[in-house]
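Colleague: Got a structure here, written out as structure tokens. Questions coming.
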Amino acid sequence: MVDRNTPIGEHTVREVALAMPIAVPVFAHVGIEYACGGDLRVAEACRQVGLTIEALWALIEEAASQPVPNDLEFWHNASPVSLMDHIVHRYHEPLRKELSRLESIAAKVSGRYGAAHPQVQTMQRLITSLHRDMELHMVKEERVLFPLIKRLDATLGRGLTDQATAHQLLPPLRLMLTDHDGIMDLVRALREQSDGYSVPPGVSASYHLLCSGLRGLQNDLQLHLHLENNVLFGAARDMLVACGL
């Protein structure tokens with residue numbers, strides 16, 4: 001929770017993202033990591049990206065004044081079961097298709113421009129690694145983690161506790177957090193290798209498609225992992241506490 005009497009710079013990025021969902025796209029725009037780097041104080045996050053706290057706050061206020069509805073606020077307050085269903089349908093299923101598409105484009109671009117622009121060969125390898133890791137990760141969530149959260153949520157909803165399920169939940173919950181850090185490391189490596197998803201002069205449309213796709217992939221993955229790390233997993237930790245863990 002954000003204490004209104006505490007300067008925004010003293011709050012963590014996660015606290016601000018949860019209290020003011022409209023800040024999430026602002027963080028993404030200025031390059032502040034909010035999905036897996038939410039423990040950082042806002043003041044330090046601003047320092048890292050070369051932005052003053054006042055400038056960040058002005059951007060957040062400007063975003064809040066826009067009439068565009070922010071569905072993040074809805075999902076921040078949704079039940080864990082509804083949120084998990086949303087994550088699978090909005091993020092997991094499209095991500096499988098998008099990673100396959102980007103892997104195919106990367107192979108084409110690497111074959112055509114690998115000699116002149118060797119970074120695309122590294123980008124192709126990173127996309128393949130990301131595709132493999134994300135597929136394994138999503139399967140673990142859908143088959144293990146999410147069913148355990150649903151089971152524990154249903155039990156607590158009946159006014160009961162279930163320490164056996166709570167103990168089962170703890171290891172995969174920790175593992176998913178570790179997975180997320182590794183996934184974002186791959187995304188950062190892709191951004192660095194592509195020089196911020198920039199396109200060299202004189203290349204074909206496929207190179208442009210690759211870089212625009214990677215930029216969109218980063219934005220989607222950050223939102224995806226934010227909803228898991230900061231919202232869903234926070235609710236899961238509350239369930240563990242309710243069960244005495």
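Every number here is computed from the coordinates shown, using simple stated rules; none is lab data. None of these values were measured; they are calculated from a predicted model. Neighbour counts are summed over all protein chains in view; Cβ atoms, including those assigned to glycine, are modelled from backbone coordinates with ideal geometry.
Colleague: So for ILE32, ILE183, fewest C-beta neighbours within 10 Å to most, what's the order?
Modeller: Starting with the residue having the fewest Cβ neighbours, the order is ILE183, ILE32.
Colleague: Choose one answer from PRO80, PRO201, PRO25: the residue with the largest mean-square fluctuation in a GNM of the chain with alpha-carbon springs under 10 Å.
Modeller: Comparing PRO80, PRO201, PRO25 in the GNM, the peak value goes to PRO201.
Colleague: Percent relative contact order of the stretch 97-237, based on C-alpha pairs within less than 8 angstrom and at least six residues apart?
Modeller: Relative CO of the stretch 97-237 lands at 30 percent.
Colleague: Right, another one. Using DSSP loop states and a limit of at most 16 other Cβ atoms within 10 Å to flag trypsin sites (Lys or Arg not before Pro), what is the longest stretch of the chain containing no flagged site? Provide the component values of the computation, followed by the final result.
Modeller: Working: sites that count: ARG4, ARG158.
Looking at the chain, 5-157 is the longest stretch - no exposed trypsin sites (Lys or Arg not before Pro) with at most 16 other Cβ atoms within 10 Å.
Colleague: Same structure, new question: Which one of ALA55, ALA19, ALA106 has the biggest mean-square fluctuation once the chain is modelled by GNM with Cα springs under 10 Å?
Modeller: ALA55
Colleague: Still on this structure, I have one more. At 7 Å along Cα-to-Cβ for each site, give me the label-to-label distance between ALA43 and GLU10 in nm.
Modeller: 0.9 nm
Colleague: Suppose every Lys and Arg Cβ carries +1 and every Asp and Glu Cβ carries -1, with no other charges. What dipole size does the stretch 162-208 come out with about its Cα centre, to the nearest 20 debye?
Modeller: That gives a dipole near 60 debye.
Colleague: I need the semi-axes of the equivalent ellipsoid of the chain: take the C-alpha gyration tensor, multiply each eigenvalue by 5, square-root it, list largest first in whole angstrom.
Modeller: 33, 25, 15
Colleague: Give me P(r) over the stretch 89-216, computed from all C-alpha to C-alpha distances, binned every 5 Å, as integer percentages.
Modeller: 2, 10, 18, 18, 13, 10, 8, 7, 5, 4, 3, 1, 0
Colleague: I want to check the label-to-label distance for ARG132 and LYS150. Put each point 7 Å from Cα in the C-beta direction and report it in nm to one decimal.
Modeller: 3.0 nm
Colleague: Pairwise over distinct Cα atoms, reciprocal of the mean inverse distance: report the Kirkwood radius of the stretch 8-70 in Å, one decimal place.
Modeller: Averaging 1/r across every pair of different Cα atoms and inverting gives 11.4 Å.
Colleague: Roughly how big is the chain's charge dipole about its Cα centre, with Cβ charges of +1 (Lys, Arg) and -1 (Asp, Glu), in debye to the nearest 20?
Modeller: 740 debye
Colleague: Through the Karplus equation 6.51 cos²θ - 1.76 cosθ + 1.60, θ set to phi - 60°, convert the phi angles of the stretch 229-242 into ³J(HN,Hα) values in whole Hz; use x for Gly and Pro.
Modeller: So the Karplus estimates, Gly and Pro as x, are 4, 8, 10, 5, 5, x, 5, 5, 5, 5, 5, 4, 4, 4 Hz.
Colleague: Would you mind telling me which residue in ASP71, ASP185, ASP85 has the biggest mean-square fluctuation in a Gaussian network model of the chain, where springs connect alpha carbons within a distance under 10 angstrom?
Modeller: ASP71
Colleague: Could you grab the relative contact order for the chain? Cα pairs under 8 Å, six or more apart, rounded to a whole percent.
Modeller: In percent, rounded to a whole number, it is 24.
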